[in-house]
Amino acid sequence: MTTRGQANLPALAVALIALTATAGLSFTLADGAFASADRDAAERRLAVSLSERLVDDASMLTTRENVINRTSSGELTPEILQEEYPVTQGHAIRIQLDGETLVEHGDPTGGETIRRIVLIEQTQSVTVTPDLTRSNQVTLPRRTGEVTIHLTPPPATNITVVRVNDRVVLANETGLTGTMTVTTSRFETTTLQFEATGQLPPGSVEVTSYPTQTTKAQLVVTVDA
């Protein structure tokens, strides 16, 4: 071998070492990229699945599909979340509704986020004391699924029949008194009629209804492995 060839051997060895190191680094970067892609895909699948189950008709949060009950949503805790949805165990999770964090488990600083448009349903309690001195009926201003009726007629008067939209729901010839709850339809306006043996002064009847109000909101689910 010539002196020049021998002189080139160290340079060749250095070049081979550099090439091997570069190839090893490339493989490492590629493996890391694939692992990151797999992790991102898994996070997205979990976030999508969890968001779908949260708004499902069978969800503990909903009154019907895609309608979240405001009271139930406020009762969600990390423990309940993992019990109801075991797939969330071992992951950092954040669930937000209308800009408010309902529950957070772990530290979801990154990960995948899914946003869904939902309705929030909130039930109110509205009590009215109708004036029955001119008419024996009262129409509730908003629809409700049930009403609570409190009857305290004067001693000389008996309330014998209560109707809801012309349907008899309560009846007693000797008189109705006390507090009773009757079912009504949310799909029609409710009119209550009272039959009595005498005049019903103000305060004889108190009616409490439970109308619901729905507002549009955004449900945000973040999953970070």
Please name which of 180, 159, 190 has its Cα lying farthest along the dipole of region 143-225 towards the positive end, using unit charges on Cβ (Lys, Arg +1; Asp, Glu -1) and the Cα centre as origin.
190
When the charge dipole of region 29-157 is computed with +1 at the Cβ of Lys and Arg and -1 at the Cβ of Asp and Glu, the Cα pointing farthest to the positive end, of 150, 72, 106, is that of 150
What ranking of 49, 59 comes out by heavy-atom accessible area, probe 1.4 Å, highest first?
49, 59
Around residue 106, under 10 Å between beta carbons, what's the net of Lys plus Arg minus Asp minus Glu among the other residues?
-2
Quote the charge dipole size of region 166-223 about the Cα centre in Debye, to the nearest 20; the model charges only the Cβ of Lys and Arg (+1) and of Asp and Glu (-1).
360
Computed label-point distance, nm, for sites residue 89 and residue 137 using a 7 Å Cα→Cβ extension:
5.9
Residue-by-residue Karplus 3J(HN,Hα) for region 201-218, coefficients 6.51, -1.76, 1.60, Hz, glycine and proline x
x, x, x, 5, 10, 10, 10, 10, 10, 10, x, 10, 10, 10, 10, 7, 8, 10
Quick check: at a probe of 1.4 Å, how many percent of the accessible area of region 65-155 sits on carbon and sulfur atoms?
42
Net charge, residue 169 excluded, C-beta distance under 14 Å - Lys, Arg +1, Asp, Glu -1:
-1
Take 79, 84 and sort them by solvent-accessible surface of the protein heavy atoms, 1.4 Å probe, largest at the top.
79, 84
Can you tell me the dipole magnitude for region 113-223 around its Cα centre, using point charges on the Cβ only (Lys, Arg +1; Asp, Glu -1), in Debye to the nearest 20?
620
Say each of residue 173 and residue 45 gets a label point 7 Å from the Cα, pointing the same way as Cα to Cβ; how far apart are those two points in nm?
7.2
Can you give the charge dipole size of region 31-151 about its Cα centre, rounded to the nearest 20 debye, using +1 on the beta carbon of Lys and Arg and -1 on the beta carbon of Asp and Glu?
660
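The values are calculated or read from the model by the stated rules, or taken from the named source; none is laboratory data. No experiment lies behind these values; they were computed from the predicted model shown. All Cβ positions, glycine included, derive from the backbone under ideal geometry; neighbour counts span all protein chains shown. With ligands, DNA and RNA removed, areas are computed over all heavy atoms of the protein, side chains included. Shrake-Rupley method; radii C 1.70, N 1.55, O 1.52, S 1.80 Å.
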